[in-house]
Amino acid sequence: MTVNIGSLTLNSPVVLAPMAGVTNVAFRTLCREQEIEKTGTVSGLYVCEMITARALVERNEKTLHMTTFAPDENPRSMQLYTTDPAYTYKAAKMIVDENMADHIDMNFGCPVPKVTRRGGGSALPYKRRLFGNIVAAAVRATEGTDIPVTVKFRVGIDDEHHTHLDAGRIAVEEGAAAVALHARTAAQRYSGAADWSQITALVEHLDGSGIPVLGNGDIFAAGDARRMMEETGCDGVVVGRGCLGRPWLFAELSAELRGEPLPPTPTLGEVTRIIMRHAELLAEHDGEQHACRDLRKHMGWYLRGFPVGGEVRSQLSRISTLADLRELLAPWADSEVIAEDSDGARGRQGSPSKVALPDGWLDDPEDDTVPEGAEIMHSGG
């Protein structure tokens with residue numbers, strides 16, 4: 001089962017969703033290594049964490065570091081956060097001219113209040129003309145190249161303000177090579193259940209366009225991906241929170257969608273080795289001290305469903321060296337225990353809430369004024 005996104009052919013229609021502070025080069029490398037180890041191939045698309053277009057253009061040091069790709073990473077996939085067509089064009093042109101990536105994804109799905117209250121993320125597609133201008137700018141900057149531009153968005157701001165059908169149509173009209181829908185509104189954030197019927201509606205709305213529609217939301221196990229594709233007719237899946245603490249999920253997904261046997265579920269002993277490899281990759285990228293701090297948030301995800309006591313979990317959440325980590329994991333190195341109930345929701349969930357928006361944001365959906373201050377965001381935020 002393959003999917004074509006512009007010039008790219010994916011042997012498995014599975015995409016790693018960009019997640020701030022998670023999908024850096026270390027995690028992407030780990031996911032790819034797991035897929036190779038368990039299935040013998042890398043078949044999906046692994047997207048880097050969100051990069052702010054303006055910060056990229058201004059060559060912010062932190063942002064440039066975040067654009068690091070592994071030497072063998074192919075295709076290199078970069079996601080841009082943007083609210084301004086001018087910065088969008090400059091950033092995409094910079095990616096082209098400096099050979100920084102092979103694929104550009106555009107983020108219009110972030111529901112975080114600090115983003116939406118400035119008109120960014122999942123608030124922006126409500127402004128139809130502005131949204132179209134931004135997509136068009138990225139496509140224009142990549143003309144004459146093999147770099148496809150794709151667009152990810154949500155169902156809308158809330159139940160009274162759905163935007164996904166217009167967003168899909170506009171993205172296709174402006175030259176996007178694929179669209180991805182997170183089947184929640186911004187007001188839902190990550191709570192409740194994703195409404196896959198909205199993916200079906202988008203697939204039907206774009207029928208005949210030749211542009212793939214990818215679905216996102218509540219894929220926590222290999223069977224969920226197949227079920228989403230069968231129920232909605234979408235061409236592929238985008239997986240975010242489901243892979244937290246489970247970088248081997250992409251091996252399971254690609255095997256499921258290619259009709260191959262699923263690889264065995266990792267034992268606790270295997271998971272300790274995967275955690276250690278994650279730590280080593282992070283240290284290569286960011287140095288040991290930063291790597292240990294960054295890894296702390298992953299511990300609960302990795303150990304979910306395993307019989308590891310609270311005291312050890314507490315110590316793992318305070319590690320400061322790789323030696324400390326290795327020592328704490330050593331007692332479970334040979335454990336054959338399998339996690340219980342590891343396929344449920346993980347990561348951020350929270351509860352629905354009113355979306356923070358700029359004053360008067362809903363007054364005119366055709367207003368193409370660039371929101372003030374929205375580009376001044378830290379990459380990955």
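If we count other beta carbons within 10 Å of each Cβ, what is the order of Asp146, Asp324, Asp224, fewest first? Walk me through the numbers on the way to the answer.
Values: Asp146 11, Asp324 14, Asp224 18.
By the 10 Å Cβ count, ascending, the order reads Asp146, Asp324, Asp224.
When only DSSP loop residues count, what GluC sites (Glu not before Pro) in the stretch 120-221 have their Cβ near at most 13 other Cβ atoms within 10 Å? Can you show the working numbers first?
Numbers: sites: Glu143, Glu160, Glu173, Glu174, Glu204; in loops: Glu143, Glu160, Glu174.
Answer by residue number: Glu143, Glu160.
Could you line up Lys152, Lys114, Lys38 from fewest to most neighbouring Cβ atoms inside 10 Å?
Values: Lys152 26, Lys114 13, Lys38 18.
So the ranking, lowest neighbour count to highest, is Lys114, Lys38, Lys152.
Picking from Gly309, Gly21, Gly132, which is most flexible by a Gaussian network model of the chain using Cα springs under 10 Å?
Comparing Gly309, Gly21, Gly132 in the GNM, the peak value goes to Gly309.
Cα gyration tensor of the stretch 1-61, axes a ≥ b ≥ c as square roots of the eigenvalues: rounded (a/c below 1.5), prolate (a/b > b/c) or oblate? Write down the numbers at each step before the final one.
Values: a/c = 3.07, a/b = 1.61, b/c = 1.91.
Oblate shape, in that a/c is at least 1.5 and b/c is the bigger or equal ratio.
For the residues Tyr126, Tyr190, what sequence is obtained by ranking on other C-beta atoms within 10 Å, fewest first? Don't jump to the answer; show the numbers that get you there.
Numbers: Tyr126 25, Tyr190 19.
Going from sparsest to densest Cβ surroundings: Tyr190, Tyr126.
According to the Kirkwood expression over distinct Cα-Cα pairs, how big is the hydrodynamic radius of the stretch 1-114, in Å?
Working: mean 1/r = 0.0678 Å⁻¹.
Kirkwood radius, the stretch 1-114: 14.7 Å.
So which of Lys62/Lys127; Lys127/Lys152; Lys90/Lys152; Lys62/Lys152; Lys62/Lys354; Lys38/Lys297 end up more than 22 Å apart, counting from Cα to Cα? Don't skip to the end; give the middle numbers.
Working: Lys62/Lys127 30 Å; Lys127/Lys152 15 Å; Lys90/Lys152 20 Å; Lys62/Lys152 24 Å; Lys62/Lys354 32 Å; Lys38/Lys297 25 Å.
Correct reply: Lys62/Lys127; Lys62/Lys152; Lys62/Lys354; Lys38/Lys297.
Run a plain Debye calculation on the stretch 248-305 (Cα atoms as equal point scatterers, no solvent) and give log10 I(q)/I(0) at q = 0.13, 0.27 Å⁻¹, rounded to two decimals, same order as the q list.
Cα-only, vacuum Debye calculation for the stretch 248-305: -0.43, -1.04.
Any chance you could get the radius of gyration and Dmax over the Cα atoms of the chain, in Å?
Final numbers for Rg and Dmax: 20.1, 61 Å.
The stretch 268-332: Rg/Rh from Cα coordinates, Kirkwood Rh? Show your work: numbers first, answer last.
Working: Rg = 10.7 Å, Rh = 11.6 Å.
Across the stretch 268-332, the Cα-based Rg/Rh ratio is 0.92.
From the C-alpha coordinates alone, can you work out the Kirkwood hydrodynamic radius of the stretch 105-258, in Å? It would help to have the intermediate numbers written out before the result.
Values: mean 1/r = 0.0635 Å⁻¹.
With all distinct Cα pairs of the stretch 105-258 included, I get 15.8 Å.
Extending each Cα 7 Å along its Cβ direction at Ser317 and Asp159, get the distance between those two points in nm, one decimal.
According to this spin-label approximation, the distance is 3.5 nm.
Top mean-square fluctuation among Ser122, Ser335, Ser254, Gaussian network model of the chain, C-alpha springs under 10 Å?
Per the Cα network of the chain with a 10 Å cutoff, Ser335 tops the list.
Which of Thr39, Thr150, Thr185 moves most in a GNM of the chain, Cα contacts under 10 Å?
The residue with the greatest mean-square fluctuation here is Thr39.
Report, as a whole number in µm² per second, the diffusion coefficient that Stokes-Einstein gives for the stretch 81-167 at 10 °C and 1.306 mPa s using the Kirkwood radius over alpha carbon pairs. Walk me through the numbers before you get to the answer.
Numbers: Rh = 13.2 Å.
For these conditions, the coefficient is 120 µm²/s.
Dividing the alpha-carbon radius of gyration of the stretch 57-104 by 2.2 N^0.38 Å (N being the number of residues), what value is obtained?
Details: Rg = 10.8 Å, N = 48, 2.2 N^0.38 = 9.6 Å.
Output field value: 1.13.
So which trypsin sites (Lys or Arg not before Pro) in the stretch 246-320 are both in a DSSP loop and have at most 16 other Cβ atoms within 10 Å of their Cβ? Please report the intermediate quantities before stating the final value.
Details: sites: Arg258, Arg273, Arg277, Arg293, Arg296, Lys297, Arg304, Arg313, Arg318; in loops: Arg258, Lys297, Arg304, Arg318.
Listed in order of number, the matching sites are Arg258, Lys297, Arg318.
Once every DSSP H run of n ≥ 4 in the chain is given -39500 (n - 2.57) and the sum is divided by its residues, what mean residue ellipticity at 222 nm do you get, rounded to the nearest 500 deg cm²/dmol? Can you show the working numbers first?
Values: 15 runs with 143 residues, N = 381.
Here the helix-only value at 222 nm equals -11000 deg cm²/dmol.
Alpha carbon centre of the stretch 204-269 versus the stretch 73-124: separation in Å?
24
Every number in this text was worked out from the coordinates using simple rules, so none of it is lab data. If you're wondering where the values come from, they're calculated on a predicted model, not measured in any experiment. Reconstructed Cβ throughout: ideal geometry from the backbone, glycine too, with neighbour counts over all protein chains shown.
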